[in-house]
Amino acid sequence: AGNSSELANLTDGDLKTAWLGSQKQVEGQSITLPFAAKQTVNGVTVFHLPGISATPESYRISGYRTIDGIGTWHPLSSTVNAQWEKLKFINNHPVYTGFSHQMRFEPTEVEAVRIEIVEPNEQSAWGLTEIEVSALQKGNG
């Protein structure tokens, strides 16, 4: 794991702040984003930290759900190979993000999302600048 105070950098909306793991990447290394309340999610975008850390070769997204009082992790995506997009629209404007990867999946109600390394890139630690979780809005639809 990295510095826990840096974990807040993953959801602060600022691509200039980052989280950097304190060890080289290993299979099963993960980052968990808990929610204050259940969210129906249908996607995750990760923004990697090019030049300072290596990106994993592949990873998977899981969601934590409690069913009949028992909480377990459920896969939201299959194993995803790193395929990076360099532009993303933020507030309807194109922004160069370095390396981002957006993954979509069926809408699922979860209490937390976990990103887990399946195949590490053992050259360096894992570093991310931002994680965006796409949640469906509740309300009048």
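Which pairs turn up if I take residues in segment 14-36 that are of a type in the set (A, V, I, L, M) and look for partners that are assigned to a loop (DSSP other than H, G, I, E, B) and open to solvent by less than 70 Å² (accessible area, probe 1.4 Å) with beta carbon separation below 8 Å, at least 6 apart in sequence or on another chain?
Once the first residue is of a type in the set (A, V, I, L, M) and sits in segment 14-36, its partners that are assigned to a loop (DSSP other than H, G, I, E, B) and open to solvent by less than 70 Å² (accessible area, probe 1.4 Å) give ALA18/LEU49; LEU20/LEU49; LEU20/SER53; VAL26/PRO120.
Could you tell me whether GLN83 is open to solvent by 40 Å² or more (accessible area, probe 1.4 Å) and at pLDDT below 85?
On the way: open to solvent by 40 Å² or more (accessible area, probe 1.4 Å): yes; at pLDDT below 85: yes.
In short, yes.
Out of curiosity, is SER78 modelled with pLDDT under 90 and among the small types (Gly, Ala, Ser)?
The answer is yes for SER78.
In segment 86-109, how many residues are modelled with pLDDT of 70 or more and open to solvent by 30 Å² or more (accessible area, probe 1.4 Å)?
Taking segment 86-109 and keeping what is modelled with pLDDT of 70 or more, we get 92-94, 99-109.
From the residues that got through so far, the ones that are open to solvent by 30 Å² or more (accessible area, probe 1.4 Å) too are 92-94, 99, 102, 104, 106-107, 109.
Number of matching residues: 9.
Would you mention how many residues in segment 1-59 are surrounded by 17 or more Cβ atoms within 10 Å (Cβ to Cβ) and part of a loop (DSSP other than H, G, I, E, B)?
Number satisfying all stated conditions: 9.
The values are calculated or read from the model by the stated rules, or taken from the named source; none is laboratory data. Every value quoted in this text rests on a predicted model; they were computed, and no experiment measured them. FYI the Cβ positions are ideal-geometry reconstructions off the backbone, even for glycines, and counts take in every protein chain you see. Just so you know, the surface numbers come from the protein's heavy atoms only, side chains and all, with ligands and any DNA or RNA stripped out. Shrake-Rupley method; radii C 1.70, N 1.55, O 1.52, S 1.80 Å.
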